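The values are calculated or read from the model by the stated rules, or taken from the named source; none is laboratory data. What you see is a predicted model, and the numbers here were worked out from it, not measured in a lab. As a convention, Cβ positions derive from the backbone with ideal geometry for all residues, glycine included, and neighbour counts pool all protein chains shown.
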Amino acid sequence: MSDFNAIIEALVSTDTDKLTSLVNDALANDVPAGDILNKGLIAGMDIVGDKMESGEMYIPEVLMAAQAMGECVEVLKPLLGDGESAGGTSVIIGTVKGDLHDIGKNLVAMMMESVGMEVHNLGVDIDPDEFVTQIKEKNAKIVCLSALLTTTMPMMKQTVETIAASGLRDQVKILVGGAPVNQAFADEIGADGYAADAGAASKLVKSLAS
């Protein structure tokens, strides 16, 4: 449907005003909110993620797209039926103890929020025991650990071990990311997945939540 193509195009071009207008027009024309979300907004954000991975879009543009989509998702939420939203899955994200970097983590959180995930952004310098506490409080199904310093990579391993020791390991999927991290390291510490950037992280979380 051409309306969805226009929504996708407006989102990828980060034209917030046009995107909002198109979403409202679609609703006025009785297009189901679930179709607008899935065939327009989420499809568009998938393209944004691909463009970020390929270097065609940069962090400021991706942030703008995520913010625009988030505004439209808020409009759609009251109109979505059970099971239509991409949300419902409780996700915890935080930078591990000893590391104060948060730009990449915040971008991942925004992209997950933009598709309706219930994201709890814990911030930076998060102790392993705090991750455990938050998993229990938020009934989290996915935990995302971020680190930008090679010196804090061992804290990722310690956090995974602490979650396992708490008896919660089978309840959650643990994903890791950050500049010094790779798939081999994720495998080594027993994480369930690794993402190289925010676009890849968002897709991975969506696949695990589905």
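Name the residues in region 84-114 that are under 15 Å from Ala147 (Cα atoms), modelled with pLDDT under 85 and not hydrophobic (A, V, I, L, M, F, W, C), would you?
Once the filter is applied, which keeps residues that are under 15 Å from Ala147 (Cα atoms), modelled with pLDDT under 85 and not hydrophobic (A, V, I, L, M, F, W, C), region 84-114 yields only Gly104.
Tally time: how many residues in region 49-74 are modelled with pLDDT of 90 or more and either hydrophobic (A, V, I, L, M, F, W, C) or touching a helix residue (DSSP H, G or I) at 6+ places or on another chain (Cβ under 6 Å) (or both)?
Of the residues in region 49-74, 5 are modelled with pLDDT of 90 or more and either hydrophobic (A, V, I, L, M, F, W, C) or touching a helix residue (DSSP H, G or I) at 6+ places or on another chain (Cβ under 6 Å) (or both).
Any residue that is within 25 Å of Met64 (Cβ to Cβ) and either surrounded by fewer than 23 Cβ atoms within 10 Å (Cβ to Cβ) or hydrophobic (A, V, I, L, M, F, W, C) (or both) - is there at least one of those in region 171-181?
yes
Can you name the number of the only condition in (1) over 25 Å from Leu208 (Cα atoms); (2) in contact with a Leu (Cβ under 7 Å, 6 or more places away or on another chain); (3) among the hydrophobic types (A, V, I, L, M, F, W, C) that Ala28 fails?
Going through (1) over 25 Å from Leu208 (Cα atoms); (2) in contact with a Leu (Cβ under 7 Å, 6 or more places away or on another chain); (3) among the hydrophobic types (A, V, I, L, M, F, W, C) one by one, Ala28 breaks only (2).
Of these, Ala6, Ala26, Ala109, which one is over 28 Å from Gln134 (Cβ atoms), surrounded by 19 or more Cβ atoms within 10 Å (Cβ to Cβ) and without any contact (Cβ under 8 Å) to a residue 40 or more places away in the chain?
Checking each option against the conditions leaves just Ala26.
Going by the structure shown, is Asp35 over 21 Å from the mean Cα position of the chain (by Cα) and either charged (D, E, K, R) or closer than 16 Å to Gly199 by Cα (or both)?
It is false that Asp35 is over 21 Å from the mean Cα position of the chain (by Cα) and either charged (D, E, K, R) or closer than 16 Å to Gly199 by Cα (or both).
Could you check, for region 171-182, whether at least one of its residues is in a helix (DSSP H, G or I), closer than 18 Å to Gly98 by Cβ, in the same structural domain as Glu113 (by TED's automatic domain parsing) and without any contact (Cβ under 8 Å) to a residue 60 or more places away in the chain?
No.
Which is in contact (Cβ under 8 Å) with a residue 12 or more places away in the chain, in a helix (DSSP H, G or I) and under 14 Å from the mean Cα position of the chain (by Cα), of Ser202, Ser207?
None of the others qualify; the one that does is Ser202.
For the condition touching a residue at least 12 places away in the same chain (Cβ under 8 Å) and under 18 Å from the mean Cα position of the chain (by Cα), what is the one hit in Ala164, Ala196?
Being touching a residue at least 12 places away in the same chain (Cβ under 8 Å) and under 18 Å from the mean Cα position of the chain (by Cα) holds for just one of Ala164, Ala196, which is Ala196.
Can you spot a residue in region 95-103 that is more than 18 Å from Leu204 (Cα to Cα), part of a strand (DSSP E or B), not assigned by TED's automatic domain parsing to the domain that holds Leu41 and not hydroxyl-bearing (Ser, Thr, Tyr)?
Checking region 95-103: at least one residue is more than 18 Å from Leu204 (Cα to Cα), part of a strand (DSSP E or B), not assigned by TED's automatic domain parsing to the domain that holds Leu41 and not hydroxyl-bearing (Ser, Thr, Tyr).
Quick one: how many residues across region 119-159 are part of a strand (DSSP E or B), crowded, with 22+ Cβ neighbours inside 10 Å and among the aliphatic types (A, V, I, L, M)?
Final tally of qualifying residues: 5.
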